[in-house]
Amino acid sequence: MNIFDEYLEKIKKILLDNKDKGNLVLPNSLDGITAEAPPLKFNSDISTNAAMVLSKINKLPPTDLANKLVEPIKKDDPFIDDISVIKPGFINIKFKPIFWTKFVENIINDTKNFGINKTEKKKKYLIEFVSANPTGPLHVGHCRGAVLGDVIANVLLFNKHEVTKEYYVNDYGNQIINFTKSVYFRIRELKFKEAFPINDKDLYPGDYLIDFAKNIIKLNTKTDFKNFENISEELTILSISEALKLIKTNLNSLGIKHDNFISERKLVDDNEVEKAIDLLQKKHFVYKGKIDAPAGEDEANWVEREQLLFKSTDFGDDKDRALQKSDGSWTYFASDVAYHKNKIDRKFDHLINILGADHAGYIKRISSSVEALSGSKNKLICKVSQLVKLIKDKEPFKMSKRKGDYITVDDLINEVGKDATRFIMLNRSSDVELDFDFDNVIEKSKDNPLYYVQYCYARIASVFRHIDKDLTSDIKIENFDFQYSEEEINILRKISEWPKCIDISSKKLEPHRIPIYLYELASLFHSYWNLGKDNPEKRFINDQKKITDDKLIFLKTISNIIKSGMDIVGVSVPDRM
């Protein structure tokens, strides 16, 4: 039940009827007309900009046209109490109390579906996220993108779309050779007491490799680790397996589970890169040519040579992109092209990539390749997860760690827990940097948004406990006729925005809107709760330790929205705090 969509359709129908009667001139499209929640100070429930959108074509001032539309909108609507015109031309609608009674009844009778856009065509999405190199544990830089991808999936699933969550394993190339050598030297260190070559900058120095080495030695007692060349292929498989086990453990501690792990090496071994390049060649998007030195490369040392190139400039990129290295092996980009052809072949409606801030410059070339392969301009959607700054005592926070030269996901979760990590990582739009303040995360106040939302749910649960019920208890809804106060109406107005929040979060892939919405709803509730401190009549439970079914239904409606939203974010709602 999205009251904004319902009234928008009603307003558009009224406009079309008035056009047919010759009372109104309309443009070819009414897409610019909206129905939104007005600011609280106007004491109204829905506001439309119809008069401002149509004033010019009708050659009338917006307020004059708005006043002409008041009566048609109000006519024959039993739920509208009042309509006011607010400069520069907004039409604000206020409902009668009976509207909110019916509204709550609809939510209680269909709680699981409240917020779902039932009219939207359901689609098939593939979300690729995290995809960190399988060379060690996940760090804080991966954490925000991991939460972003997971909650985008949750929002789409809540809205009844089909979603597949995928991790692309970059297990091919020089970084994997160096990683395998690093594990090999750790094995030599353990078995033969040889010093790890710590000064070799190509190697991975993290102590976590000692754990990998111990596990490999333990499970491969018959393997001779004396010559790297003889065991490099086998050791690569074993080392990547250890890294992926650790990565999956990190993801699990964040509450994240991928449906698929796709191997880059397997794509190469199955000749999928050649197949993708052949397809691009048939479409005349591949040629042999020369390119300038990459950004950051010393031009004096750059050797210009003929390479196999993809015509990404045909799709708006700043230059064409190399598909092969000087030794004839495929570039990382070529493997990525093959992977995205693999995605396209699986017939998803939309492909979503969650990228770290350091990969933002990669978007245009990979989007170009998807467009070239699929013929669809909007097939691939890339979302960038910006940097996270950890702050404690108002200073950049550095934890002691044995994982290498970065702070790991496990470090963070051990410090503040999964719930705080997920909620705070999602508390701002992903395209801006995020300050993760440890002091606020442990604060038991409104400065800690997670605590404030969870405390809202716990307070409601405490009311139910006082009458020996819980939030799963069925409440009678017969003869429901709650006489709402102004504070309660304001809370219901916020609840009415939940379907719109879900819809925008789903369509724009902006899940940060959900924790922000939950915090706003919780703030309204806590203000309402605090009224009872000074006014006994405002308390939920009277002196006889009783509470009306009407008020229980009202409270349960709030708790249902909080629970639904927190489930999407992937955090808990404790009954006691």
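The values are calculated or read from the model by the stated rules, or taken from the named source; none is laboratory data. Here the structure is a predicted model, which means the values were calculated and not measured. Backbone-built Cβ (ideal geometry, glycine too); neighbour counts: all protein chains shown. Accessible surface areas use protein heavy atoms only, side chains included; no ligands, DNA or RNA. Shrake-Rupley method; radii C 1.70, N 1.55, O 1.52, S 1.80 Å.
Summary of values
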quantity	calculated
Filtered residues of the range 96-119 (kept if within 15 Å of Asp481 (Cβ to Cβ) and outside any helix (DSSP H, G or I))	Lys96
Members of the range 47-71 found to be farther than 15 Å from Phe4 by Cα, among the hydrophobic types (A, V, I, L, M, F, W, C) and outside any loop (DSSP other than H, G, I, E, B), listed by number	Ala51, Met52, Val53, Leu54, Ile57, Leu65, Ala66, Leu69, Val70
Residue count, the range 341-392 (criterion: of a type outside the set (Gly, Ala, Ser), open to solvent by less than 50 Å² (accessible area, probe 1.4 Å) and out of contact with any strand residue (DSSP E or B) (no Cβ under 9 Å at 6 or more places or on another chain))	2
Boolean, Glu274 is surrounded by 16 or more Cβ atoms within 10 Å (Cβ to Cβ), of a type in the set (D, E, K, R) and modelled with pLDDT of 95 or more	no
Criterion: among the polar types (S, T, N, Q) and touching a residue at least 60 places away in the same chain (Cβ under 8 Å) - qualifying residue of Ser376, Ser326, Ser335	Ser335
The listed residue being free of Cβ contacts under 8 Å to residues at least 12 places away in the same chain, open to solvent by 10 Å² or more (accessible area, probe 1.4 Å) and among the hydrophobic types (A, V, I, L, M, F, W, C), out of Phe185, Phe196, Phe158	Phe196
Residue within the range 2-25 that is in contact with a Gly (Cβ under 9 Å, 6 or more places away or on another chain) and open to solvent by 20 Å² or more (accessible area, probe 1.4 Å) present	yes
Residue tally, condition of a type in the set (Gly, Ala, Ser), under 19 Å from Val147 (Cα atoms) and out of contact with any Asp or Glu (no Cβ under 8 Å at 6 or more places or on another chain), over the range 559-577	2
Long-range neighbours under 9 Å by Cβ, at least six apart or interchain, first residue within 29 Å of Pro499 (Cα to Cα) within the range 6-28, second open to solvent by 60 Å² or more (accessible area, probe 1.4 Å) and charged (D, E, K, R)	Ile14/Lys75; Leu26/Lys19
Matching residues in the range 65-101 - criterion: being over 38 Å from the mean Cα position of the chain (by Cα) and among the aliphatic types (A, V, I, L, M)	Leu65, Ala66, Leu69, Val70
Boolean, Lys494 is more than 17 Å from the chain's Cα centre (by Cα), open to solvent by 30 Å² or more (accessible area, probe 1.4 Å) and not β-branched (Val, Ile, Thr)	no
Qualifying residue in the range 295-318 (condition: exposed (fewer than 12 other Cβ atoms within 10 Å of the Cβ), in contact with a helix residue (DSSP H, G or I) (Cβ under 7 Å, 6 or more places away or on another chain) and either touching a residue at least 24 places away in the same chain (Cβ under 8 Å) or assigned to a loop (DSSP other than H, G, I, E, B) (or both))	yes
Filter result for Phe103 (farther than 25 Å from Ser506 by Cβ and not acidic (Asp, Glu))	no
Residue that is farthest from Ser131 (Cα to Cα), among those in the range 329-355 that are in a helix (DSSP H, G or I) and charged (D, E, K, R)	Asp345
Residue in the range 72-84 that is assigned to a helix (DSSP H, G or I) and surrounded by fewer than 16 Cβ atoms within 10 Å (Cβ to Cβ) present	yes
Cβ-Cβ under 7 Å pairs, at least 6 apart or on other chains, the range 42-59 side over 15 Å from Glu497 (Cα atoms) and of a type outside the set (S, T, N, Q), far side in a strand (DSSP E or B) and open to solvent by 30 Å² or more (accessible area, probe 1.4 Å)	Phe42/Ile86
Flag for Ser430 being touching a helix residue (DSSP H, G or I) at 6+ places or on another chain (Cβ under 8 Å) and either aliphatic (A, V, I, L, M) or open to solvent by less than 10 Å² (accessible area, probe 1.4 Å) (or both)	no
Residue match in the range 32-46 (condition: under 15 Å from Asp5 (Cα atoms), touching a Pro at 6+ places or on another chain (Cβ under 7 Å), open to solvent by less than 60 Å² (accessible area, probe 1.4 Å) and in a strand (DSSP E or B))	no
The range 161-207, subset among the hydrophobic types (A, V, I, L, M, F, W, C) and in contact with a strand residue (DSSP E or B) (Cβ under 9 Å, 6 or more places away or on another chain), residue farthest from Phe225 (Cα to Cα)	Val163
Tally of residues being over 21 Å from Leu387 (Cα atoms) and open to solvent by 20 Å² or more (accessible area, probe 1.4 Å) across the range 439-453	8
Any hit, the range 525-536, residues being among the polar types (S, T, N, Q), open to solvent by less than 30 Å² (accessible area, probe 1.4 Å), in a helix (DSSP H, G or I) and in contact (Cβ under 8 Å) with a residue 12 or more places away in the chain	no
The range 1-31: number of residues that are assigned to a helix (DSSP H, G or I) and hydroxyl-bearing (Ser, Thr, Tyr)	1
Yes/no for Phe436 being crowded, with 20+ Cβ neighbours inside 10 Å, in contact with a strand residue (DSSP E or B) (Cβ under 6 Å, 6 or more places away or on another chain) and among the aromatic types (Phe, Trp, Tyr)	yes
In the range 242-271, the residues that are open to solvent by 30 Å² or more (accessible area, probe 1.4 Å) and charged (D, E, K, R)	Lys245, Lys248, Lys257, Asp259, Arg265, Lys266, Asp269, Asp270
Among the candidates Pro511, Pro574, residue that is open to solvent by 10 Å² or more (accessible area, probe 1.4 Å) and either charged (D, E, K, R) or in a loop (DSSP other than H, G, I, E, B) (or both)	Pro574
